[in-house]
Amino acid sequence: MYSAGDVRIENVRDPKIVEPTDAVIRVTRACVCGSDLWPYQKMEHSDTGRVMGHEAIGVVEDVGADVRRIKRGDFVIMPFAFSDGTCVFCHDGLQTSCIHGGFFGTTEVAGAQAEAVRIPLADGTLFPLHAHADDALMPSLLTLSDVMGTGHHAAIIARVTPGKSVAVVGDGAVGLCGVIAAKRLGAEQIIILGRHSDRITLAKDFGATDVVSERGDAAVERVRELTHGCGVHSVLECVGLEQAMNTAISIARPGGAVGRVGVPQEQTIPGSEPAFYNNVMVGGGVAPVRAYIRDLLSDVLEGNIEPGRVFDRTVGLDGVPDGYRAMNDREAIKVMVTP
Ligand SMILES: [Zn+2]
């Protein structure tokens, strides 16, 4: 990506081992993220461009001399952040704050919308899948690199437990995975706030019990009606815009919790006053999806959850620029890339 709206497919040098802790994977599937749409809308021109993409599954082609756990030929899930797996924050299950870590698809580290990608700290970062996985499971496995883990993080932070009432703000791929996560954690009522009919249909399939298509004050009123005037125990904020955050805090019941995973587009957290007076806990942030892969994987392999259904379009590498456009125009929910 060179600037807003300017995505090109180019031949670049093959990634290779730089540090002895690196691996190189051949990407079998990658995708375009909702968060890639922020630079797609706003990025300033860059002469060197940015190799995009932070979600992938693939096969290990090469490993550095110090890589112990990951082997050539392993089929692996690549979480969107790399981490050593050994530092104090990794031990806390917060690999996105790894002292030696970082993120794929940035100006420093090349991304995965490519044929191959260099993986720093391969032993800590990659999750090898030793069980045989059917081709039909690949889209769902791919979601474990970001959106399913991110939706799950929102649900964990929002303290979703059996019997709770939950609202999900946002009907993008993360919001839809948030519905799956809430259902999986035993929520009794799951209200999706969204207005795109294809996404709402999928949300209902995933376990949403109610739909609120209004926005702003009307949405708040509607959620109150659906919750005996109380608001919900748990809110999953999966957008990142000021209005979404204000809505999220306003629909939480007193003593409730908001798990925010939408990448914030403002410097301050909105809704300070209602959050304060209603004792609404506001937490969350960039999701440590590496910590959740093991837990979510078994449900994917057993077919209990099918987050891969969020992909409604598949393109080759040449189709990536149009994939961005389609997601930005809300023509596609999430675009899978098969390099
Ligand atoms: Zn670490």
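The values are calculated or read from the model by the stated rules, or taken from the named source; none is laboratory data. Because the structure is predicted, anything quoted here is derived from the model rather than measured. Every residue, glycine as well, gets a Cβ built from its backbone with ideal geometry; the counts of neighbours run over all protein chains shown. With ligands, DNA and RNA removed, areas are computed over all heavy atoms of the protein, side chains included. Shrake-Rupley method; radii C 1.70, N 1.55, O 1.52, S 1.80 Å.
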_Mean separation of Cα contacts under 8 Å (6+ apart) over length of region 50-120, as relative contact order %_ = 37 percent
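If you take every DSSP beta bridge whose two residues both sit in the chain, what share of them, in percent to the nearest 5, is antiparallel?
Close to 45 percent.
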_In nm, spacing of pseudo-spin labels at TRP38 and TYR277 (7 Å Cα→C-beta vector)_ = 3.0 nm
_Per principal axis, descending, Cα span of region 295-339 in whole Å_ = 34, 23, 14
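So what is the diffusion coefficient of region 159-219 in µm² per second by Stokes-Einstein at 37 °C and 0.692 mPa s, using a Kirkwood Rh over Cα pairs? Write out the running numbers ahead of the final one.
Working: Rh = 11.1 Å.
It diffuses with D of about 295 µm²/s by this estimate.
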*Let me know the volume per residue of the alpha-carbon convex hull for region 184-239, in Å³.*
87 Å³
*Cα-derived Rg to Rh of region 214-277, Kirkwood definition*: 0.94
_Normalised contact order of the chain, rounded percent, pairs of Cα under 8 Å and 6 or more residues apart_ = 19 percent
*Please list SER234, SER298 in order of solvent-accessible area, largest first, computed with a 1.4 Å probe with all protein chains present.*
SER298, SER234
*What translational D, rounded to a whole number of µm²/s, comes out for region 109-234 from Stokes-Einstein when the hydrodynamic radius is the Kirkwood one over Cα pairs, at 37 °C and 0.692 mPa s?*
203 µm²/s
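Can you give the accessible area per residue of the chain, in Å², using a 1.4 Å probe?
Spelled out: the 1.4 Å probe surface of the chain, per residue, equals 44 Å².
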*Roughly how many percent of the accessible protein surface of the chain is carbon and sulfur, given a 1.4 Å probe and a whole-percent answer?*
48 percent
_Isotropic mean projected area of the C-alpha convex hull, region 40-191 (nm²)_ = 11.3 nm²
*Cα to Cα, under 19 Å, and not fewer than 8 places away if on the same chain: which lysines meet these conditions relative to LYS183?*
LYS164, LYS204
*Relative contact order computed over region 142-185 (Cα-Cα under 8 Å; 6+ residues apart), in percent*: 52 percent
*Using only Cα atoms, what Kirkwood radius does region 1-76 have, in angstroms?*
14.3 Å
_Ellipsoid semi-axes in whole angstrom, largest first, where each is sqrt(5λ) of the Cα gyration tensor of the chain_ = 33, 21, 19
